[in-house]
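Visitor: The structure under discussion is supplied below as C-alpha cells; questions concerning it will follow.
The values are calculated or read from the model by the stated rules, or taken from the named source; none is laboratory data. The structure presented is a predicted model; accordingly, all values stated were derived computationally and were not measured. Note: ideal-geometry Cβ built from the backbone for every residue, glycine included; neighbour counts use all protein chains shown.
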Amino acid sequence: MELRGEGSGGVGRAGKARRGRSREAGGQAARALLGIEREGRARARRRRLTASPQIESSAMNKRKLKESSGTDGECISQVQKMLRERLCHHRAMGKLFGIDQQYKHLLELLKQTTVCGESNSALIIGPRGSGKTALLNRVLKDLREMKQVKENLLEVHLNGLLQTNDKVALKEITRQLHLENVVGDKVFGSFAENLAFLLEALRKGNRTSSCPVLFVLDEFDLFVHHKNQTLLYNLFDISQSAQTPVTVIGLTCRQDILELLEKRVKSRFSHRRIYLMNSFAFKQYIRIFKEQLSLPAEFPDKAFAQKWNSNIQLLTEDKTVQDILQNLFHYSKDLRSLNFLLMLAVSNVTVRHPLITASDLQEASKQYRMDSKANIVHGLSVLEICLIIAMKHLNDVYEGEPFNFQMVYNEFQKFIQRKAHCMYNFEKPVVMKAFEHLLQLELVKPIERPSAYPNCPTDVKQWAASSLSWL
C-alpha cells in the first residue's frame, strides 16, 4: 500500500514538471513568433518609407516624359501633315523648279486675257510628272492675287478622262458657267443646237464689259479623238474672234499633238507652245530634294525646325544619300518619283524616330524599285512556277509565237518524265486550274479578248482551241 502510494505521488510530480516545461517552451515559441512578426512589420514599414521617394520620382519622370513626348508628338504630326501636303498634292503654293521662263510666259499670256481682254490659246507640252498642272495652278493663284484681276475671270476645267465626248463636255461647261437654269428652260433638238446656244451666249459680250473665260483642257490629246473635233474647233474659233475674251489652255504629254489636229482646227490655233522637259542638272536635283524636305521659317517649334533642317542639310552631304538620289535621277527625272521616294521616308518619322536618316532613304529606295510581278512570283506554288518555266521554254523554242494550254501541259509532262523521282505528277484539271490562276494574276497575257466568250466554260474553250490549232 505504501509502495503504491509513493509511486503514484512520484508520477504526479513528474507530470506536473513536464507540463510546466511544455508551457514554458510554448511561451518561448509564442514570444519568438511575436518578435518575428514585429520585425517583419518594421521591415515593411522601412521598405515603404524608403520606396515612396523612388515611386514619387518615377511618377514625376513619367509625367515629364509624357509631357515631352506630347510636345514632340505634336511637332511630328505637324511635320507629317505639312510634308504630305507638299509631296502628295499639286498645291498652288508649291515651289517651281527649273521652269521660271515658262512661268513668266504663261503668266503674261493670261494677264493679256484678264487685264487687256485679249483672246489666246496655248498648249503646255511635257512628259508626265514634269509640272504642267503645278505650273498652271501657280500662275492662276498669282493671277487671283492681283488687284486688276481678283474675281474677274471665269474658269472652266475639263479633263479628257472624264469628258469622253463633246456632249458630256458641253454639260460640264454649262454647269461650271452656272448656265443650268438658262439651258434648262430651253428645248434643244440636238447637240449642235445646244452648242450654238452656248456659243451665242459667249459671243454676245465684248472685250470691255464681258468677263474673260479660261478653258483648261487637261489630257488635251484625248479631246482630239472626239467626233469631228467639234468642241476644239468651236473653242479655238471663239478664241480668234473679237467678242468675249476666251483663252484655251491645253495640257498634254504628246509631242506630236499638232499632227493630230484637223486642218480646220489647226488653222484656228495660235500655235503657242510651252515645253516642260525636266532639263535640270543633278546639283539642282539635290537642291530640290533639300527644299522639298525643309521646314519653313514660320513652323511653330523653331528649335525643332532648326534641328530638322540641319539634319536635312547633313543628308544632302551624305555619300549614301547622294548615291540613292543619283540612281533615281538617272532612272527618271520625274519629280513625282522623287516625291514618292521622300513620302516613303517621311512615313517612317515617329516620336521615337523624329529625324530622317540615310537608312530610311535606303529602305524607301528598295520599296520604290520593288517589282510587283516579282513579289507575286514569290507567292506561287511549285506547280505554277513549273508552268511558268514551261511557257518560258516554249517562248524560246518558238521564238515568241503564241501557245495554248495543251502545249504547256505537254511540256510540263516532259519535265515530269525526266524528273519523276523529285516531282509529283498532277492531274490535268489541277494543272488547268493553276494555268487559270496565272491568267488571273496577269503573269500570262492571252492573245484573245477575255470577254469574247464570257459564259463559255474553260474546259470547252481549251478543248476548242486545241482541236482547231491544226487549222
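Conditions (1) surrounded by fewer than 17 Cβ atoms within 10 Å (Cβ to Cβ); (2) among the aromatic types (Phe, Trp, Tyr); (3) under 22 Å from Gly160 (Cβ atoms); (4) out of contact with any helix residue (DSSP H, G or I) (no Cβ under 9 Å at 6 or more places or on another chain), marked per residue:
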residue	(1), (2), (3), (4)
Thr247	no, no, yes, no
Val265	no, no, yes, no
His271	yes, no, yes, no
Asp301	yes, no, no, no
Gln313	yes, no, no, no
Val321	no, no, no, no
Leu335	no, no, no, no
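Visitor: Follow-up. Identify the residue in the range 292-351 that is more than 22 Å from the chain's Cα centre (by Cα) and small (Gly, Ala, Ser) and, among all such residues, is modelled with the lowest pLDDT.
Guide: Ala297
Visitor: Any chance you could count how many residues in the range 115-134 are farther than 30 Å from Ile288 by Cβ and of a type outside the set (S, T, N, Q)? Spell out the reasoning first.
Guide: Of the range 115-134, the ones farther than 30 Å from Ile288 by Cβ are 115-121.
If we keep only those that are of a type outside the set (S, T, N, Q) too, we end up with 115-118.
Number of matching residues: 4.
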